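Data first, discussion second: the structure below is written as structure tokens.
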Amino acid sequence: MTAFGKLIRTTAFRLTLVYLFLFALFAASLLGYFAWNTRRLITEQITTTVNAEIGEIDKIYTRRGLSGLVNTISNRSLRPGANLYLVTMPNGQAVGGNVGSLAPGVMGTSGWSETAYRRLDEQDTADHRALVRVTEFPNGFRLLIGRDLEERRRLFGIVAKAAQWSILVVIVLGIGGGIFVARRVLRRIDAMTGTTRRIMAGDLSGRLPVGRSGDELDRLAENLNAMLERIEALMMGLKEVSDNIAHDLKTPLTRLRNRAEEALASSGSEAEYRAALERTIEESDGLIRTFNALLMIARAESGQARGNMDDFDAAAVAKGIHELYEPLAEDDGMMLRVNAAPARLHGNRELISQALANLVENAIKYGKPKPALQPLGADAVAGAREILIEARREGDAVLLSVSDHGPGIPEGDRKHAIERFVRLETSRTLPGSGLGLSLASAVATLHGGELRLGDSHPGLVATLAIPALAGSSDRLAAQTPDVPQKVA
């Protein structure tokens, strides 16, 4: 398709033509009305003048008779101007006036008429147009008084010519403006098309150009760029997940296969076979938990879980998690406490419970204090082994936090720690898959919040900050215990 063909097919050019047609139609209608109204006013002026003059001559005829009438008409006929006069006898013969000829039948009919005529003193043989009124006197004489319409025709011609030029100028400027606007829009559309083609070819880093005008195309480009950034992040996350799955699941799968081969190769007893099967089942359960965590993260990041959102009390979630994990913490030598104030929010209760459970599991697993160089008192030891679950409202956000007094996470590693399958050096000796913080971060993002990792002096405080529900004084949700799925 040629450049001109693309140009005339643009929406901007077609809209310009539509607006041009409407504007030209409006201008023509306005000028037509002006011309018609001007014609009407001139006609009214002529009729008023002629009627006044007929009334004046009728009085002269009444006072001075026919001779006075003829003398008056003869004198007025000699005046320069566009006025027309004619007096005829009953047989139609002219006895005075400046009209040489009329259209047939004009003098035979009383009243107003528009007719062609010629003046007596003109050498031009062309007919002129005039608006005349014929009056009949009692003795059969007839009087014609009128006015030439050349002035009206000339004024109408001026208006018509002005209308033609105006419409021509409007059309030229409209088409020129349409081409300018269409070319400008077409350049931007072509730039966007080129970028989208690069994106379709696989370059997800491409972005649509955004101008400074802030018009609808700029707003569209900004929204599409935000969408492209989200798509790029999801694709990078998918690639990262695929790579991590291929790398991090290779070791447990290899270990699972080796144990199965070892059990088949050895000629042990039934108890040894049972122990090997139990280890295989345990390893398989770990793999299943890993895949379930990945599916849950994918649900959160894709927004599929938004359909199951409801209003509930964050304090009920915190107390339910405390009740569920308190025995597990005690078995591991830790003390789990909860400090929860009513704080309503809108979200997926299951996912928020799972995210909080992951933070508690991490605190139990990695939150043990470092061995002290000097002996500590009983109160200090108990405080160092304490894990605190908190739920409270702070401003427009509901905070669900878990704090411990373990080694914590260095500030430089906190951003890296929430990525999938990431395990820091201090935690590689302990079982786990490195997905707990990733899931908590994905759940917070799904609800329009964030996961914050801070310092507990010593230790780590992990906080889910989620927008609070408006009208927190409403009826609190039923405080039913939440039973999350175990995610390492």
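The values are calculated or read from the model by the stated rules, or taken from the named source; none is laboratory data. None of the values given here were measured: they were computed from a predicted structure. Cβ: placed from backbone, ideal geometry, glycine included. Neighbour counts: every protein chain shown. These area figures cover heavy atoms from the full protein model, side chains too; ligands, DNA and RNA do not enter into them. Shrake-Rupley method; radii C 1.70, N 1.55, O 1.52, S 1.80 Å.
Summing Lys, Arg as +1 and Asp, Glu as -1, what charge do residues with Cβ under 14 Å from the Cβ of Val106 carry, Val106 excluded? Show your work: numbers first, answer last.
Values: positive: Arg118, Arg129, Arg133, Arg142; negative: Glu114, Asp127, Glu136.
So the environment of Val106 carries a net charge of +1.
Just subtract the alpha-carbon distance of Asp331 and Ile167 from 0.36 nm times their residue separation and send over the number in nm, one decimal. Don't skip to the answer; put the middle values down first.
Numbers: separation 164, 0.36 × 164 = 59.04 nm, distance 9.25 nm.
Gain in length upon complete extension: 49.8 nm.
Run through every distinct alpha carbon pair of the stretch 1-154 and return the Kirkwood hydrodynamic radius in angstroms, one decimal place.
18.6
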Legend entry - Accessible surface, the stretch 48-110, averaged per residue in Å² (probe 1.4 Å): 54
Legend entry - q = 0.15, 0.24, 0.25 Å⁻¹, the stretch 75-170: log10 I(q)/I(0) [Debye, one scatterer per Cα]: -0.63, -1.26, -1.33
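Probe radius 1.4 Å, ligands and nucleic acids ignored: give me the carbon and sulfur share of the accessible area of the stretch 112-210 as a rounded percent.
Working: 3590 of 6000 Å².
Of all accessible area on the stretch 112-210, carbon and sulfur atoms account for 60 percent.
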Inset, instruction - Note down the net charge around Pro90, summing +1 for each Lys or Arg and -1 for each Asp or Glu among other residues with Cβ under 14 Å from its Cβ. - result: 0
Inset, instruction - Which order do the peptides 45-52, 333-340 take when ranked by the mean count of other beta-carbon atoms within 10 Å per residue, highest first? - result: 333-340, 45-52
Legend entry - Solvent accessible area, Å² - His447, 1.4 Å probe, full protein context: 20
Inset, instruction - Sort Lys319, Lys250 by accessible area with a 1.4 Å probe, largest first. - result: Lys250, Lys319
Inset, instruction - Please express the Cα-Cα pair-distance distribution P(r) of the stretch 17-90 as a list of whole percents, one per 10 Å bin, running from 0 to the bin with the greatest distance. - result: 15, 30, 19, 13, 11, 8, 3
Legend entry - Tyr33 - accessible surface, heavy atoms, 1.4 Å probe, Å² rounded to 10: 130
Inset, instruction - Give a residue-ordered list of calculated ³J(HN,Hα) values for the stretch 257-262 (Karplus: 6.51 cos²θ - 1.76 cosθ + 1.60, θ = phi - 60°; whole Hz; x for Gly, Pro). - result: 5, 5, 5, 5, 5, 5
Inset, instruction - Express in whole angstrom the spacing between the alpha-carbon centres of the stretch 108-171 and the stretch 318-358. - result: 102
Legend entry - Heavy atoms of Leu168 accessible to a 1.4 Å probe, total area in Å² rounded to 10: 80
